[in-house]
Amino acid sequence: MADILDILDIEQPGASEITRESIIHGDKAKKKYVTTKAVRRPEGMHREVFALLYNDNKDLPPLLPTDTGKAYKQTKAKLGMRKVRKWVWAPFTNPARKDNAVFHHWKRAADEAKEYPFAQFNKQVSIPSYSESEYNQYLKSEDWSQAESDHLMDLCQRFDLRFIVIHDRWDRAAFRDRSVEDLKERYYNICAILSKVKTNPWSNTVTMVNGEKRVYHYDAEHERKRKEQLKRLFERTQEQIDEEQMLLAELKKIEARKRERERKTQDLQKLISRADSGNGITNSQASIVNDGPNTPTSAVSNIARRHDRKLHKKKLTTQQRPIRTVETVTVEWSGIKFPEARGTGVWLRSQRMKLPPGVGQRKTKAIEQELRLMNIDIAPTPTEAICKHFNELRSDLALALDLKNALASYEFELQALRHQYEALNPGKTLNIPASICNSNADGEAKPVGEIIDVVGSPSALNTTI
């Protein structure tokens with residue numbers, strides 16, 4: 001550049017002073033970063049409208065949609081002016097081969113001569129060896145001759161214990177035909193015997209566990225049975241497969257019925273136990289009342305009054321105005337527990353005869369049906385005595401309906417078991433005693449199972465609609 005300026009007689013620009021930055025950075029030009037002022041969006045204009053008018057470079061928006069970004073594009077390879085590394089067509093040998101075969105492949109000229117990298121995958125299996133004296137002393141067998149054993153060990157050495165290939169290469173002209181299980185059994189027996197006789201670093205069938213030598217045991221009989229089962233499974237016809245699927249489905253149904261029967265048995269036991277406990281409580285209360293003035297009835301009544309006063313005080317403190325409250329309704333299997341209306345204010349005695357909301361609609365209809373059969377009015381005059389006896393009657397009816405329903409379900413299961421017994425034992429009949437059968441005199445009455453639900457869980461409310 002200086003020579004051209006001299007020829008054209010053009011003054012050269014004055015040389016700048018040598019500074020520390022010029023020595024370190026050389027001729028690198030300083031990049032000047034120009035900050036452009038961002039265009040502010042006018043007030044009242046939406047951001048989307050402003051983005052259509054301007055972009056970062058203040059260019060007008062294109063008429064057609066364009067893709068000028070670098071996203072989703074493959075970057076081109078940046079090739080420099082450096083020289084590429086030299087590759088040569090070089091010979092090599094594979095240490096895994098014993099015939100000294102020479103092959104060729106491409107490699108970098110700068111790389112050192114190394115062993116063929118794939119030779120490390122050539123793993124050799126250690127096969128035991130034995131002398132003739134050891135064979136005569138330890139390895140003799142009535143079923144195997146020494147020539148057959150030598151031939152087997154030679155094939156194991158050649159084909160690295162690939163017993164399918166060994167079975168295919170077995171010399172059937174010189175020796176009798178052997179199965180794969182026979183070949184494996186003989187080989188592992190030889191390994192087990194030699195591992196006990198001498199110290200063998202070759203044995204791949206011996207492992208050390210806590211200093212104790214463990215020898216692999218091959219169960220040929222189990223392997224034969226396993227293959228026979230697999231063969232039978234593979235050779236099944238479509239009819240046999242369909243029959244198996246049908247039997248599995250029936251098994252699931254039987255297990256489901258068994259679980260349902262066990263659940264109903266538990267429910268019935270709880271139902272009977274609660275009914276017995278309820279009767280015991282009523283009998284004890286009656287005995288307390290009949291004992292006369294010498295019994296502690298006054299103490300029991302005082303405790304009940306104190307409990308009522310405490311509840312009344314809590315309600316007065318928590319409520320701003322007097323509101324009649326109803327206790328939580330629980331439907332037990334010993335009958336229906338009617339809530340007691342407590343609180344201040346006027347209320348009707350007929351509310352005591354209302355069934356709790358926990359009783360389902362179907363059970364309510366069933367109770368009303370039983371009342372009609374007994375010629376009892378569904379809504380009698382709500383006197384004190386009528387309310388008490390009417391609620392007790394409906395509670396007993398609910399318990400009786402639950403027991404009838406449970407009895408009907410168990411009779412159905414009993415008949416099903418009788419049919420199963422007769423199917424499994426042809427010609428025999430299972431006689432069911434009449435004492436455990438439900439003798440329904442009214443043949444025209446509607447079955448209870450069609451009126452109310454099946455007995456559910458005794459701990460849950462009957463909310464059937």
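What follows draws every value from the coordinates through simple rules; no lab data is involved. Keep in mind that what you see is a predicted model, and the values were worked out from it rather than measured. Note: ideal-geometry Cβ built from the backbone for every residue, glycine included; neighbour counts use all protein chains shown.
Worth pointing out:
- Segment residue 238..residue 273, full-extension length gain: 7.3 nm, with 0.36 nm per residue of separation and the alpha-carbon distance subtracted.
- Efficiency of FRET between residue 257 and residue 400 - r from beta-carbon atoms, R0 35 angstrom, step 0.05: 0.85
- Pairwise label distance in nanometres, residue 83 with residue 39, each label 7 Å out on the Cα-Cβ vector: 5.5 nm
- Extension reserve of the residue 118-residue 383 stretch, reckoned as 0.36 nm per residue once the Cα distance is removed: 85.1 nm
- Size of electric dipole in region 345-426: Cβ of Lys, Arg +1 and of Asp, Glu -1, about Cα centre, debye, nearest 20: 400 debye
- Take the Cα of residue 174, step 7 Å toward its Cβ, do the same at residue 5, and the gap between the two points is 9.7 nm.
- Pairs with C-alpha atoms separated by more than 19 Å, drawn from the list 337/363; 270/337; 270/354, are 270/354.
- Options 399, 409, 379, ranked by Cα towards positive dipole end of region 372-414, top entry (Cβ charges): 379
- Pairwise FRET efficiency - residue 350 versus residue 374, Cβ, R0 = 30 Å, nearest 0.05: 0.90
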